[in-house]
Amino acid sequence: MNRDDGASLLVAFRGLQAESLKQGEAHLSVANEPENLVAGPFESWADRRSKALLLDGFLAVYEEAVSGVSGIVSIPPVNVSYH
């Protein structure tokens, strides 16, 4: 093996190394897509949905309590006349 062969191998190795780095970056980009396109938006939707369900639950309990109290407590109107 002479110097020209060694130089050619070095150039070929560096080319393969550069191509491997590019492929690794492309793979990382594809691997991050599910996180960016699916998991992130789903997490945001789930947070909003759980808050809405919590609020719906509070409102349902409040409405039930109001209807229960309005059936028990009945205050007749008072007629007051001032002379």
Query raised in the report: Based solely on its DSSP helices, what 222 nm [θ] is calculated for the chain when runs of n ≥ 4 H residues each add -39,500 (n - 2.57) and the sum is averaged over all residues, nearest 500 deg cm²/dmol?
Result: -28500 deg cm²/dmol
Report task. Determine by what factor the alpha-carbon radius of gyration of the range 33-73 differs from 2.2 N^0.38 Å, reporting the quotient. Result -> 1.96
Report task. Once you have the Kirkwood Rh of the chain from its Cα pairs, apply Stokes-Einstein at 20 °C and 1.002 mPa s and quote D in µm²/s. Result -> 104
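Taken together, the values in this text are just the output of simple stated rules run on the coordinates, not laboratory data. Owing to the predicted nature of the structure, the values given are computational and were not obtained by experimental measurement.
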